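First up is the structure itself, then whatever we jot down about it.
The values are calculated or read from the model by the stated rules, or taken from the named source; none is laboratory data. A quick note: this is a predicted structure, and the numbers were derived from the prediction, not measured. Ideal geometry is used to build each Cβ from the backbone, glycine not excepted, and the neighbour counts take in all protein chains shown.
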Amino acid sequence: MKDDRRHPLRHSSQDREAATQIPDTPQTRAPSYALAFADEDFLCREELRPVRLQLELLKPEMLMNEAEINSTVVMFGGARIPSPANKDEARTQTLADLSVFYTEAQNFARIMTERSLKAGGTEDVIVTGGGPGVMEAGNRGAEEAGGKSIGLNIVLPHEQAPNEYVTPELCFNFHYFAIRKMHFLMRASAVCVFPGGFGTLDEMFEALTLIQTGRMARVPFLLFGREFWEKIVNWEALSDAGTISADDLDLFRFVDTAEEAVAAIDAWEGKGEKRGVIPGR
């Protein structure tokens, strides 16, 4: 992270380093003596949650600003969907069949990144959750096009790591799901949802709710795999029951291929008026 101080005062990092060179005494070993901003145990205290929330909001925001990421194309999708090369290892036949969407995600990300690079590379940058499956396919397609892409990873109880295709300096890790989801949407120029599980459903419905309630600008919102989504969610039943309005079904479109998705984005009514920022940002 660049140093853009505009004052002559000593840098905090200098004191952090100096604090490691102090004499070893009972006083200096006491937890109370540690610099507050360098004290991990202190920062993890219950009372410091507001500070941790702020830090998770600020760090990715500042680094993406420095990288001149102006807008993003969001790709949500399942971590368990295999690549075609690994579909024989899928735990179910349905997952094996869904490997086609790994390919479509990879192709879509490559096409969108190629277009982004022609326009300077700061708009419509691919962002995924940084994990395996559809997320890996998105970052992989962006890398194949020669562009950068973002990965918003999150700490989970089981061991995991970002996929190898995320641009390293744009690879972030989160503790708070809520802040991570904010970063997905704060720069969104389009949202693409591929088949997935609980996490994908959570991300999809939160984004749809923000658009439905006017808390987020309407952006191209695409569901890859009509057959999958119409089987998983009875959209028409929600409308018929009156729990959503018929107009809410126009908030998204079904597509099955990367080419259909690109065409839908280009034809989206109002596209380019403003990105999908959350009011009050």
Tell me which of these S83 doesn't satisfy, since it passes every other one: (1) in contact with a Lys or Arg (Cβ under 6 Å, 6 or more places away or on another chain); (2) among the hydroxyl-bearing types (S, T, Y); (3) over 20 Å from A263 (Cβ atoms). (1)
Can you tell which of E61, E56 is among the acidic types (D, E), in contact with a Phe, Trp or Tyr (Cβ under 8 Å, 6 or more places away or on another chain), surrounded by 15 or more Cβ atoms within 10 Å (Cβ to Cβ) and within 26 Å of L208 (Cα to Cα)? E56
Looking at (1) in the same structural domain as E136 (by TED's automatic domain parsing); (2) under 17 Å from the mean Cα position of the chain (by Cα), can you tell me which one D97 breaks? (2)
Name every residue in segment 199-256 that is touching a residue at least 12 places away in the same chain (Cβ under 8 Å) and polar (S, T, N, Q), in order of residue number. T200, Q212
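Let's see how each residue does on (1) closer than 20 Å to F172 by Cα; (2) of a type in the set (A, V, I, L, M, F, W, C); (3) assigned by TED's automatic domain parsing to the domain that holds E206; (4) in contact with a Ser or Thr (Cβ under 9 Å, 6 or more places away or on another chain):
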{"residue": "E17", "(1), (2), (3), (4)": "no, no, no, no"}
{"residue": "T20", "(1), (2), (3), (4)": "no, no, no, no"}
{"residue": "Q27", "(1), (2), (3), (4)": "no, no, no, no"}
{"residue": "L48", "(1), (2), (3), (4)": "no, yes, no, no"}
{"residue": "R52", "(1), (2), (3), (4)": "yes, no, no, no"}
{"residue": "I69", "(1), (2), (3), (4)": "yes, yes, yes, yes"}
Could you say which residue among E144, E104, E114 is among the acidic types (D, E) and either within 18 Å of the chain's Cα centre (by Cα) or surrounded by 19 or more Cβ atoms within 10 Å (Cβ to Cβ) (or both)? E104
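Please pick out the residue among G196, G214 that is buried (at least 19 other Cβ atoms within 10 Å of the Cβ), assigned by TED's automatic domain parsing to the domain that holds R115 and not acidic (D, E).
G196
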Candidate set: segment 248-276, residues that are small (G, A, S) and at pLDDT below 95; chosen: the one surrounded by the fewest Cβ atoms within 10 Å (Cβ to Cβ): G272
The lone condition N153 fails out of (1) surrounded by fewer than 22 Cβ atoms within 10 Å (Cβ to Cβ); (2) more than 10 Å from the chain's Cα centre (by Cα); (3) without any contact (Cβ under 8 Å) to a residue 60 or more places away in the chain is (2)
Of all residues being more than 14 Å from the chain's Cα centre (by Cα) and not acidic (D, E) in segment 156-169, which is nearest to G138 (Cα to Cα)? Just the residue, please. Y165
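Out of E123, E143, E136, E164, report the one residue that is under 12 Å from M75 (Cα atoms), assigned by TED's automatic domain parsing to the domain that holds M186 and of a type in the set (D, E, K, R). So that I can check it myself, show each step before the final result.
On the way: E123 fails: under 12 Å from M75 (Cα atoms); E143 fails: under 12 Å from M75 (Cα atoms); E164 fails: under 12 Å from M75 (Cα atoms).
E136 is the lone residue from the list that is under 12 Å from M75 (Cα atoms), assigned by TED's automatic domain parsing to the domain that holds M186 and of a type in the set (D, E, K, R).
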Cβ pairs under 7 Å, 6+ apart or interchain, first in segment 9-23 and over 14 Å from A36 (Cα atoms), second part of a helix (DSSP H, G or I), ordered by first then second residue, are I22/T28
Selection from segment 156-186 of residues β-branched (V, I, T) and free of Cβ contacts under 8 Å to residues at least 40 places away in the same chain yields V166, T167
Any idea which of (1) crowded, with 24+ Cβ neighbours inside 10 Å; (2) closer than 21 Å to M182 by Cβ; (3) more than 14 Å from the chain's Cα centre (by Cα) is the one N70 doesn't satisfy? (1)
